[in-house]
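Asks: I'd like to ask some things about the structure below.
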2 protein chains.
Amino acid sequence: VTDTDVTWVTDLRNLVDVNDGESARDQHAADLSFHPPVRPQVVVYPESTSEVAAVLAYADRARIPVIPFGAGTSLEGHVIPISGGITLDMSRLNQIVAIRPQDLTATVQAGVTRLQLESAVGPQGLWFPVDPGADATLGGMAATNASGTTTIRYGGMRSHVLELEAVLPSGRIIRAGTHAIKTSAGYHIGGLLLGSEGTLGVMTELTLRLHPIPDHVAVARVPFPTIEAACFAAGTLIAAGIQLTRCELLDAATIEAVNSHTNAGLSRTPHLVLELSGTEAAVVSELDVVREFVRDDGATGFETVSDPRARTQMWASRHDALMALLALTPRSKAMTMDVAVPISELPAAIERAHCALDATELRGGIIGHVGDGNFHVIVVLDPADATSLAHAKSLNDRIVEDALARRGTCTGEHGIGSGKLQYLEREHPDLLPLYRGIKQLFDPNEIMNPGKVIRLGDAYAPGNVASA
Amino acid sequence: VTDTDVTWVTDLRNLVDVNDGESARDQHAADLSFHPPVRPQVVVYPESTSEVAAVLAYADRARIPVIPFGAGTSLEGHVIPISGGITLDMSRLNQIVAIRPQDLTATVQAGVTRLQLESAVGPQGLWFPVDPGADATLGGMAATNASGTTTIRYGGMRSHVLELEAVLPSGRIIRAGTHAIKTSAGYHIGGLLLGSEGTLGVMTELTLRLHPIPDHVAVARVPFPTIEAACFAAGTLIAAGIQLTRCELLDAATIEAVNSHTNAGLSRTPHLVLELSGTEAAVVSELDVVREFVRDDGATGFETVSDPRARTQMWASRHDALMALLALTPRSKAMTMDVAVPISELPAAIERAHCALDATELRGGIIGHVGDGNFHVIVVLDPADATSLAHAKSLNDRIVEDALARRGTCTGEHGIGSGKLQYLEREHPDLLPLYRGIKQLFDPNEIMNPGKVIRLGDAYAPGNVASA
C-alpha cells in the first residue's frame, strides 16, 4: 500500500465501511473460475444507494478503479480487480423492498440473492425463474444478463427487469424503465445497463417480474444412444412447439462423473432432462406428446416424476454436474466454455465440440441448456499447469470459432468479463466503436470495472465513431 | 424547392431512385394520426442496404434530414418530416431472405410487412405474433418497439429480434445480435436501436423469432357491468397465472360505436375479449378456470368459440373499433392515447380516464391490452377544430400524469415520435443527458429523423453527461 493509497483509503473511511485487511482482500480477489486472482486495495461495504454514489463520485475524481462485487460467482473474471482499486461489495444492500402479488413484481436491492428472493415470494405462490445455478445476487445476474435452465420458457434477466436504479461513475443516480409491464418510452438505457458487467455504472435496485408457481410440474429423464440424437430430439421438441420449462443435456462423461460422485447409477449414455409445467391436464397431455417424439428420435428410456421430492432428486444429477466434474481432479478449477448456436446447428456443434474435447488429454464434460442452443464444455484443470491451461484455451478458441461460423455467439449467458475480450472482438468487430463510445459516455474516466467487456485504455475520441 | 435543393436532389439521383413529385411528397407527409402533415423535399426508394448507406452518407455530409418511412402507420408523428429533408421509403426492401422452420426464425428485409411475413410462414405452420393492428413494416415495428394484442403471451419486438442489420448516418453498416436465441456478448446495441424511432440509424434487415401455430385456440367474449369490474377480472386472471394469448378490453362507448358501424348487436356494456391457445386439453381445462374466475368477478355472460371463422368474427369488434369510432364524426382523425400502468393500478387508472373523457365534449372510447396494463383513450376529432384539439391534448396530459403517478409509462407501445417529447421528459428527466449522449454518438450531425424522441437542436457537449 503506497502513501497515495493511504490518503484515499482514509478519505473513503469517511464515506463508507472500509476493510483493507488481508482476509477481505483475498475473499474478493477471485471468482469461481480458473482466472488468476488479483486483490483489490480495499473492499467497501455500502449500506445504501447514497453510499454507493458517494464512493463512485470520490473514485471518479480520484481516478481509482471500482469493481462491483455481488456473490463472486461469475465465470469470466468479471469481479477480479485486474488493475487494483476498490471492490464495492454489494452484500449489505440486501433488502427486499416490496413484493406485489397482484402485479407479479418485486423490488429488491441489488445485493439480494436469487434464493433469498425465492424464499420471500414462495409463500405467496410466486417465483422468480431465472436460475443460473449459483446463488448469485440479482444485481450480479442483471449485470451479466444471466439466464439458465428456465430461459427456454421465461427468458433471461433482460425479460425480467422492469425498472432499475443505477449509480453512474459521477455519483448521479438514475432510474430506467417503469413498473408497467411494457413501454416504448425513449432509448433503452435499462437494456444497456443490463449485461454491461459493471463497466457503465452500478445497479442498486431492481424491480423484477415474478411468475405464479405452476400448478403441476413433471420432470422426464431420457437417455439417448448418442449426443447428436439427444440434441436432435431437443430440436424436434422445440420446432413442434412443445412448451418446455427446462431442457437440459448431460453427456456420457458428465453422467459418469455424477455416478461416481453420488452413486446415481444412471446408464452411461447422454441424457436429456426435461421439465413441463402448467395445469395438470396440460402437462399430462404434453408429456404423452413428448414421449412419442423422443422415442421416434431414438430415446432408449423415459422416466418421469412429478412429486416435488422426486423432481429435486431427478434434477440433482444436473445440479451436481460441476461438482462431480471438479471431483475428478484434485485441486482443480473449471474452465466453463459457453457458446450458443441456432438450434438446427446444435447437433453438429456439439458433435464437433465433443470430438475436440476427446482429442485432448483434458478431463471434462458437456452440459447444456440445449433448448436454447446453449452449451458448456467444462474442462477441469490445475490452473498452475501451464500446458493444460494452454490446451484448454486452444479448445475454447476452436469451440468459439465454430459457434461464430454457425452464426452463434461466444457467450450464451456467462458474459465477456476479462476472459472473452478477444472473442467479443471477433464476434462484433463492427460494433467496437459503438462499445467504446458508450463506455466513454457513461464512464469518461474509465473507473468502472476496467478491462472488462472492452479492452483497457482504448483511447476514444467522441465524434469519431460514426466515421471510424 | 431552392437552388441548393436542386443540387442535392441531382446528386441523390445518382445514388437511388428519387421522386420529388407532389403526389409522392403528399403520401409521405403524414402518419395515421391527427398530427399535422409536413412534406419532405423528396422521397427516395432504396432497393438495397448499400443504397441506404449511400443515401445516408451523402445526407450526413450535406447535413440533410433523413426520415425513414415504413408503412406510415405510426401514431405520434414519427414519419412526419417536420424539418423537411429526404423521406427514405423502405417499401422496396421487401424480400423475405430466409425462413428456418427448425430454428423458428426468419430473416426479412425491413420493408417486409407483418401480413406478408404471416402469409409466407403460415404454410409452414409458423407465425409471427407481434400484432400492432395495422399492417406495418417489420422495420417500422422494430423502430418503435411495437407490441399489441399478443404481447401478454409472446412479448413485443424486443423479444423477437435476434439479429439486426442497420445503417448508421455515416453510411457504416453494422450487425447487432446473432442467430442464437440468447447471448450475453457485449453492450446491447440491438436493444438500443429497437425503439430508437429512426433517430440513430436505419434498420435494413431483421432476424426474427417465430412460433409454431398453436394446435387449438379459443376466444371468449365476456361482458361486465362496469369497466372497473372488467379490469379487475383481467388482473385476477393474470395474478392466477392463466396463460392468456390475448386479453383485450372494449368500453361501452366503443361497443356502441361498433354496434352502429357493423350491426354487431353486442350488449352495451364493457367487454373483455380473451384468447387461450395450446393443446386442446390445456385450452379446455383453462377455459373452465377462466369461466369461474370471471363469474366470481361479476361477468354477466361468457360466450366462447374455437372455429377459426367464428374466432375471426368475434375478434372483429376489436379490430373494427378504431374505424367504428372514426365513423362517429365526419372528416375526423384520431388522437390515440397510450399509457401503461402496473396491473393493480389498472381499474383506478381506467376509471379516472373514463371520467375525464366523459367530462369533456369529446367523442371517443377506451380500448386496451389490459393484460399488460396498457390502454388507449381514443378521441376522434377534426384536427382543424382548435378547441377540440386543445381539450384532447389537455385530456392526454391528465391521463399521462396519472399513469406516471402510478409508476407507469407515457407510452406502452406507440413510442414518442414528436407527439410525446414533453411526456418523455417528465417520465425520465434523469435520463435526458444519456439520451442526448447516445444521439450524439450515433448521429453527431443530427440528420436522422430530427425532432423525434428528443428535442431538436439540443446542443450536447460529450463528456458533460456524467457530471450534468
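Any read-out appearing in this document is the output of simple, stated calculations on the displayed coordinates, not a laboratory observation. Everything quoted here is computed from the prediction, not taken from an experiment. Methodologically, a virtual Cβ is constructed for each residue, glycine included, from the backbone with ideal geometry; neighbour enumeration extends over all protein chains shown.
Asks: In what sequence, highest mean first, do B:101-108, A:150-157 appear when ranked by Cβ atoms within 10 angstrom? Provide the component values of the computation, followed by the final result.
Replies: Working: B:101-108: 21.1, A:150-157: 22.9.
Result, highest mean first: A:150-157, B:101-108.
Asks: Still on this structure, please answer the following. Considering the Cα trace of chain B, what is its radius of gyration and what is Dmax, both in angstroms?
Replies: 22.5, 71
Asks: For the range A:331-468, what does the equivalent ellipsoid look like in terms of its semi-axes, each the square root of 5 times an eigenvalue of the Cα gyration tensor, given largest first in whole Å?
Replies: In descending order, the three semi-axes are 31, 19, 12 Å.
Asks: Could you tell me the relative contact order of the range B:19-108? Use alpha-carbon pairs under 8 Å, at least six residues apart, and round to a whole percent.
Replies: Working: 152 pairs, mean separation 29.1, N = 90.
RCO, the range B:19-108: 32 percent.
Asks: Any idea how far the Cα center of the range A:409-456 sits from the one of the range B:175-205, in Å?
Replies: The two parts, judged by their Cα centres, are 15 Å apart.
Asks: Moving on. Once you place label points 7 Å from the Cα toward the Cβ at A:ASN94 and B:GLU292, how far apart are they in nm?
Replies: 4.1
Asks: Right, another one. Filter the cross-link list A:LYS439/B:LYS420; B:LYS333/B:LYS420; A:LYS393/A:LYS452; B:LYS182/B:LYS452; B:LYS182/B:LYS420 down to pairs whose alpha-carbon distance in this structure exceeds 21 Å.
Replies: A:LYS439/B:LYS420; B:LYS182/B:LYS452; B:LYS182/B:LYS420
Asks: Can you give me the Kirkwood hydrodynamic radius for the protein assembly as shown, using every pair of distinct Cα atoms, in Å to one decimal?
Replies: Kirkwood hydrodynamic radius for the protein assembly as shown: 28.7 Å.
Asks: At q = 0.13, 0.15, 0.21 Å⁻¹, what log₁₀ I(q)/I(0) does a Debye calculation on the Cα points of the range A:104-233 give, no solvent, two decimals?
Replies: -0.59, -0.74, -1.22
Asks: Enter the mean number of other protein chain beta carbons within 10 Å of the beta carbon of each residue in A:401-410, as an integer.
Replies: Taking all residues of A:401-410 together, the mean is 4.
Asks: Something else: Could you tell me the calculated FRET efficiency between A:VAL6 and A:GLN116, based on Cβ-Cβ distance and R0 = 41 angstrom, to the nearest 0.05?
Replies: Calculated transfer efficiency: 0.65.
Asks: Let me ask something else. Calculate the tail of P(r) for the range A:1-103: the fraction of all Cα-Cα distances greater than 15 Å, expressed in %.
Replies: The share of Cα pairs beyond 15 Å in the range A:1-103 comes to 62 percent.
Asks: Show me, bin by bin at 10 Å from 0, the whole-percent P(r) of the range B:394-456 based on Cα pairs.
Replies: Cα pair-distance distribution for the range B:394-456, in percent: 21, 50, 24, 6.
Asks: How high is the relative contact order of chain A, given as a whole-number percent (alpha carbon pairs under 8 Å, six or more residues apart)?
Replies: Value for chain A: 16 percent.
Asks: Dimensions of the range A:94-159 along principal axes (Cα, Å, largest first)?
Replies: 25, 24, 17
Asks: To the nearest Å, what is the center-to-center distance of the range B:376-401 and the range A:4-37, using C-alpha atoms only?
Replies: Comparing the Cα centres of the range B:376-401 and the range A:4-37, I get a distance of 57 Å.
Asks: Right, another one. Looking only at the range A:5-94, where both bridge partners belong to it, what percent of the DSSP beta bridges are antiparallel (to the nearest 5)? Let's see the in-between values first.
Replies: Numbers: 2 of 9 bridges.
Of all bridge pairs located within the range A:5-94, approximately 20 percent are antiparallel.
Asks: Have a look at A:ALA253, A:ALA233, A:HIS216 and report the one farthest towards the positive end of the charge dipole of the protein assembly as shown, computed about the Cα centre with Cβ charges (Lys/Arg +1, Asp/Glu -1).
Replies: Checking the options against the dipole of the protein assembly as shown, the answer is A:ALA253.
Asks: Only Cα pairs under 8 Å and at least 6 apart count here; give the relative contact order of the range A:97-175 as a rounded whole percent.
Replies: In percent, rounded to a whole number, it is 21.
Asks: I've got another one for you. In angstroms, what radius of gyration and Dmax does the range B:327-371 have, counting Cα atoms only?
Replies: In Å, with Rg to one decimal and Dmax whole: 12.2, 38.
Asks: Assuming 0.36 nm per residue, please report the length gained on full extension of the stretch B:GLU47 to B:CYS355 beyond their Cα-Cα distance.
Replies: Full-extension gain reported as 105.9 nm.
Asks: Oh, and also: Sorting check: for B:134-145, A:274-285, which peptide has the highest mean count of neighbouring beta carbons within 10 Å, and how do the rest follow?
Replies: For the peptides B:134-145, A:274-285, the packing ranking is B:134-145, A:274-285.
Asks: Now, a different point. Return the ratio Rg/(2.2 N^0.38 Å) for the range B:185-279, where Rg is computed over Cα atoms only.
Replies: 1.55
Asks: Projecting each Cα onto the charge dipole of the range A:37-153 (Lys/Arg +1, Asp/Glu -1 at the beta carbon, about the Cα centre), which of A:ALA134, A:ALA110, A:PRO65 comes out farthest on the positive side?
Replies: A:PRO65
Asks: Which one, B:CYS410, A:HIS78, B:LEU12, projects farthest toward the positive side of the charge dipole computed for the protein assembly as shown from Cβ point charges (K/R +1, D/E -1)?
Replies: B:LEU12
Asks: Per residue Cα convex hull volume for the range B:297-357, in cubic angstrom?
Replies: Values: hull volume 9.8 nm³, N = 61.
Residue-normalised Cα hull volume stands at 161 Å³.
Asks: Let me ask you something else. Taking the range A:226-375, how much of its Cα-Cα pair set, in percent, is spaced more than 25 angstrom apart?
Replies: Pairs farther apart than 25 Å: 28 percent.
Asks: Here's another thing I want to ask about it. Using the Cβ atoms and a cut-off under 9 Å, what net charge is assigned to the surroundings of A:ASP430, where Lys and Arg are +1 and Asp and Glu are -1?
Replies: Result for the neighbourhood of A:ASP430: +2.
Asks: Shielding of B:280-289 by partners, i.e. mean partner chain Cβ atoms within 10 Å per residue?
Replies: Per-residue shielding by partner chains comes out at 4.
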